[in-house]
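Structure first, commentary second.
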Amino acid sequence: MKTLSRGLLAKNLFAVLLAASSPAMAIDINDSSQIHGFVNQAFLYSPDNPYAGTDSKNGSLKFRELGVNGFTELTPEFRLAAQVLSRQQDEADDGDVRVDFLLADYLVFSGQSASFGIRAGRVKNNIGFYNAIRDIPSARPGYNVPDSIYFDAFRDTLLSIDGVNLYGSALLSDNLITWELSGGQRKVDLDDFEKFAFGQRVSEGGSEDIPLWLLNVNLVPAFDRDLRLGLSLVDLTIDLDETQSMAEAQAALVSAPPGDIIANSLNYVTDAKFEGLLAIFSAQYSLENWILTAEYLNLGSDFRADIVGRRTTGSTTTEGYYLQLEWLATAQTSWFTRYEELYLDKDDRSGKITARPNNRYRGFGKGWTVGGQWRFAKDWSVMGQASFNEGTAWLPNYDGREDEDLDKYWNYYVLSLNYQF
């Protein structure tokens with residue numbers, strides 16, 4: 001049986017926090033402390049539908065990311081790490097500075113065939129292959145991670161949690177298994193969540209802390225070290241406890257057109273709760289200069305609502321997947337192509353049930369993406385990407401999008417410049 005060295009263990013379990021750049025490009029504070037950073041500026045053109053804001057229809061430079069992260073190793077087993085980020089995405093994200101993660105990491109045990117550790121604070125969530133590195137421009141396969149799996153509306157909620165993360169690895173018959181178990185809470189933006197899930201606002205609240213439980217397991221089998229398999233599970237509950245009062249709902253109903261409560265029942269919600277279990281199955285295979293990646297998402301959700309005081313319940317299964325091929329052509333250039341699909345209700349693939357008056361195609365998304373990256377100088381790279389879409393399931397939400405009449409077919413194009421140290 002092969003031995004897991006402390007260096008290999010640290011690489012497997014901690015590298016996700018420092019994915020921005022290699023140690024050679026970092027700022028060394030001392031022998032045990034480093035700081036990394038990145039700046040990404042993009043030009044995005046979305047002529048058919050407004051992507052994160054109306055400016056993108058004519059081309060916009062209001063897409064940028066600035067981040068600084070670092071760590072200090074107090075002992076060989078104990079580290080502190082953090083990252084702060086400013087992210088502007090036209091009208092969808094205003095660029096406010098947020099703490100992506102801030103944690104203490106203690107490696108409790110590291111032996112020849114197993115290891116175990118604990119992190120506490122605001123800890124990163126390993127969900128699928130890309131969630132934990134989606135905030136690092138140079139680590140993403142394209143300008144953005146696959147929209148069919150990694151919903152932008154839940155980026156901050158699922159990126160990290162305030163709680164505890166247990167992690168470990170083991171060699172079993174030469175099969176490498178890594179795992180993480182996390183529990184805590186995170187603030188969810190109810191505006192983004194409700195517009196994504198229901199196509200409109202349901203509650204009157206702005207944001208709230210919700211409980212999250214996560215399990216992530218990855219396997220590199222002994223028979224082929226180029227194959228990686230993964231399973232991620234996320235359990236979450238959202239109480240929409242700031243909906244309108246019974247009096248407000250009844251007053252709205254009195255003035256509503258006949259039959260409106262049936263056609264637009266969400267307008268009369270007086271209490272609501274959402275419970276969901278998210279599962280992502282992942283596979284990746286590397287062959288020389290090629291990387292083939294596939295992930296499948298299944299989100300089972302139960303929705304309970306009181307509509308003018310009358311209890312109603314429902315269940316929905318959201319389904320999505322993508323296939324992605326990357327070609328590492330040279331040491332300086334890489335290319336990728338990706339096909340993906342997403343259905344907010346897998347039993348309503350045409351989107352008729354989830355359609356809204358101005359957005360008849362919100363229930364589904366299908367799309368091809370092609371792109372490439374050129375690392376033209378030390379610490380510098382430029383990336384281009386074109387995406388061709390049908391349906392608007394992953395079109396970013398922003399205040400005012402509900403006033404736009406959205407097209408079924410829409411494309412967007414991105415050119416971004418990235419610097420990292």
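Derivation of every value follows stated rules applied to the coordinates shown; laboratory data play no part. Because the structure is predicted, anything quoted here is derived from the model rather than measured.
Excluding residues on the same chain fewer than 8 positions from Lys124, give the lysines whose Cα lies under 25 Å from its Cα.
Straight-line reach from Lys124, under 25 Å: Lys11, Lys187.
Within straight cross-link reach of Lys408, meaning Cα distance under 25 Å, which lysines are found once same-chain residues fewer than 8 apart are removed?
Qualifying lysines at Cα under 25 Å: Lys57, Lys62, Lys195, Lys346, Lys352, Lys366.
Hey, how many Å between the Cα centroid of segment 46-117 and the Cα centroid of segment 336-390?
The two parts, judged by their Cα centres, are 22 Å apart.
From the P(r) of segment 99-219, can you give the percent of Cα pairs sitting at distances over 24 Å? The partial results should precede the final answer.
Values: 2683 of 7260 pairs.
Everything past 24 Å amounts to 37 percent.
What translational D, rounded to a whole number of µm²/s, comes out for segment 50-104 from Stokes-Einstein when the hydrodynamic radius is the Kirkwood one over Cα pairs, at 25 °C and 0.890 mPa s? Let's see the in-between values first.
Numbers: Rh = 13.1 Å.
Rounded to a whole number, D works out at 188 µm²/s.
Relative to the present Cα-Cα distance, how much length would full extension add between Gln185 and Asp379 at 0.36 nm per residue of separation?
On the way: separation 194, 0.36 × 194 = 69.84 nm, distance 3.56 nm.
Result for the pair: 66.3 nm of gain on full extension.
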